[in-house]
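Chemist: My structure is below; once you've seen it, I'll send some questions.
The values are calculated or read from the model by the stated rules, or taken from the named source; none is laboratory data. Quick caveat, the model's predicted, so the values are computed rather than measured. FYI the Cβ positions are ideal-geometry reconstructions off the backbone, even for glycines, and counts take in every protein chain you see. Please note that ligands, DNA and RNA were not included when accessible areas were found on the heavy atoms of the full protein model with its side chains. Shrake-Rupley method; radii C 1.70, N 1.55, O 1.52, S 1.80 Å.
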Amino acid sequence: MNLSLEGKTYVIMGVANKRSIAWGISQSLSKAGAKLIFTYAGERMEKNVRQLADSLDQEETIVLPCDITDDVEIEKTFQDIKDKVGHIDGLAHCIAFANKEELDGDYLNTTRDGFMLAHSISSYSLTAVAKVIRELDLMNEGGSIVTMTYLGGERIVKNYNVMGVAKASLDASVQYLANDLGKDSIRVNAISAGPIRTLSAKGIGGFNDVLQEMEEKAPLNRLVTQEEVGDTALFLMSDLARGITGETIHVDAGYNKVG
Ligand code: KAL
């Protein structure tokens, strides 16, 4: 048993730019010898993702569109993946969205549409993808699914609002999916990362305060990096984590243990 992912294939969903957590995960998995397939949301992202994918030491670059609000497109993308590589060994789901107006002020002001949108993109998308993976028997040798969550789903974090509620739903999904897919030797886990300056955090009120509080209070007195999250994902994808499913691992310098 080791950390090598030589001969294994993983799908990475959610690379936007070089600061993305999905990109940290891509680098860790690629260094461990994994073959990677990338999906991106919307044409705006394609160029970035292709450029980043090309910069990795991969034999071939597979980059496919996948709008995770559209079940037909998800099916098509994963059928494409099956046609290209036959089977996959894991998937990193690093996707979240909520309307910016609803990430500020009172949670109480969340609209029905905003609530549904945040849940559809940030939570249901994991279930939708897991469902298609099973329907297509794409992880037929077992596998590991990793999603990204955040402390704001476990407790109140100012401004996280509807995203916190969506993460709580995602966290619950991880457990139910772990139970459903366990019989096929597919593990499902979440990584709860500390705050990292990614595109999704950009322009959101109070983010700097969150960073500062983390540096002051976290047991390690520092922030965490994409690379640290990437290496935890590598562990979860590897055989070393073969006994772990339905779990959330906090990669947050210990912050969640403090008051
Ligand atoms: C408490 C924290 C501070 C920030 C509060 C809310 C953060 C919410 C995350 C959510 C995913 C952000 C958005 O959906 C932003 C969106 O409305 C506008 N941005 C975009 O459209 C960009 C261009 C695209 C690429 O972004 C997305 N998401 O598609 C939470 C911090 C400390 C931790 C974070 C940032 C957690 C997290 O969930 O990302």
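Chemist: One residue is enough: does the range 168-187 have a residue meeting the conditions farther than 19 Å from D89 by Cα, among the aliphatic types (A, V, I, L, M) and within 16 Å of the ligand (Cβ to nearest atom)?
Modeler: Initially, the range 168-187 is screened for residues farther than 19 Å from D89 by Cα, giving 168-173, 175-176.
Those still in the list that are among the aliphatic types (A, V, I, L, M) too: 168, 170, 172.
Imposing the further condition that a residue be within 16 Å of the ligand (Cβ to nearest atom) reduces the set to 168, 170.
Checked against the condition, which is being farther than 19 Å from D89 by Cα, among the aliphatic types (A, V, I, L, M) and within 16 Å of the ligand (Cβ to nearest atom), the range 168-187 yields at least one hit.
Chemist: Here are Y150, Y176, Y124, Y107: which of them is farther than 23 Å from G205 by Cβ, touching a Gly at 6+ places or on another chain (Cβ under 9 Å) and aromatic (F, W, Y)?
Modeler: Answer to the selection: Y176.
Chemist: Could you please let me know if M139 is near the ligand (Cβ under 8 Å from one of its atoms) and under 26 Å from K82 (Cα atoms)?
Modeler: The answer is no for M139.
Chemist: Right, A118: without any contact (Cβ under 8 Å) to a residue 60 or more places away in the chain, away from the ligand (no atom under 14 Å from the Cβ) and crowded, with 17+ Cβ neighbours inside 10 Å or not?
Modeler: Here the answer is no, as A118 does not meet what is asked.
Chemist: Okay, next question. Return yes when E141 is more than 29 Å from N208 (Cα to Cα) and open to solvent by 50 Å² or more (accessible area, probe 1.4 Å) and no when it is not.
Modeler: yes
Chemist: Out of curiosity, is V174 over 18 Å from V157 (Cα atoms), of a type outside the set (S, T, N, Q) and not in a loop (DSSP other than H, G, I, E, B)?
Modeler: yes
Chemist: Has the range 204-215 got at least one residue that is over 22 Å from S123 (Cα atoms), near the ligand (Cβ under 7 Å from one of its atoms) and part of a loop (DSSP other than H, G, I, E, B)?
Modeler: Checked the range 204-215: at least one residue is over 22 Å from S123 (Cα atoms), near the ligand (Cβ under 7 Å from one of its atoms) and part of a loop (DSSP other than H, G, I, E, B).
Chemist: Considering only the range 168-179, how many residues are touching a helix residue (DSSP H, G or I) at 6+ places or on another chain (Cβ under 8 Å) and open to solvent by 10 Å² or more (accessible area, probe 1.4 Å)?
Modeler: Total meeting the criteria: 5.
Chemist: Looking at the range 43-64, which of its residues are within 16 Å of the ligand (Cβ to nearest atom) and either within 17 Å of the chain's Cα centre (by Cα) or crowded, with 20+ Cβ neighbours inside 10 Å (or both)?
Modeler: M45, V49, L52 - these are the residues of the range 43-64 that are within 16 Å of the ligand (Cβ to nearest atom) and either within 17 Å of the chain's Cα centre (by Cα) or crowded, with 20+ Cβ neighbours inside 10 Å (or both).
Chemist: So if I check each of T69, T127, T77, which one is within 16 Å of the ligand (Cβ to nearest atom) and of a type in the set (S, T, N, Q)?
Modeler: After applying the criteria, what remains is T69.
Chemist: So which residues in the range 208-259 are buried (at least 21 other Cβ atoms within 10 Å of the Cβ), within 16 Å of A193 (Cβ to Cβ) and not hydrophobic (A, V, I, L, M, F, W, C)?
Modeler: Residues satisfying the conditions are Q226, G230, T232, D252, Y255.
Chemist: Next question. Of everything in the range 1-37, what is aliphatic (A, V, I, L, M) and open to solvent by less than 10 Å² (accessible area, probe 1.4 Å)? Give them in sequence order.
Modeler: Taking the range 1-37 first, the residues aliphatic (A, V, I, L, M) are 1, 3, 5, 11-13, 15-16, 21-22, 25, 29, 32, 34, 36-37.
Across the range 1-37, the qualifying residues are L5, V11, I12, M13, V15, A22, I25, L29, A34, L36, I37.
Chemist: Conditions first: (1) without any contact (Cβ under 8 Å) to a residue 12 or more places away in the chain; (2) closer than 27 Å to L136 by Cβ; (3) within 13 Å of the ligand (Cβ to nearest atom). A190 passes all but one, so which condition is the exception?
Modeler: If we test A190 against (1) without any contact (Cβ under 8 Å) to a residue 12 or more places away in the chain; (2) closer than 27 Å to L136 by Cβ; (3) within 13 Å of the ligand (Cβ to nearest atom), just (1) comes out false.
Chemist: Starting from the range 240-257, take each residue that is closer than 27 Å to E216 by Cα and touching a residue at least 40 places away in the same chain (Cβ under 8 Å) and list its partners that are assigned to a helix (DSSP H, G or I) and open to solvent by 70 Å² or more (accessible area, probe 1.4 Å), counting only C-beta distances under 8 angstrom and pairs at least six apart or across chains.
Modeler: Correct list of pairs: Y255/K217.
Here is a yes/no grid of residues against (1) in contact (Cβ under 8 Å) with a residue 12 or more places away in the chain; (2) surrounded by fewer than 19 Cβ atoms within 10 Å (Cβ to Cβ); (3) farther than 20 Å from M45 by Cα:
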site	(1), (2), (3)
D70	no, yes, no
C94	yes, no, no
K100	yes, yes, no
L108	no, yes, yes
D113	no, yes, yes
S123	yes, no, yes
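Chemist: Restricting attention to the range 181-193, and to residues there that are buried (at least 16 other Cβ atoms within 10 Å of the Cβ) and of a type outside the set (A, V, I, L, M, F, W, C), which single residue is farthest from the chain's Cα centre (by Cα)?
Modeler: Per the stated criteria, the residue is R187.
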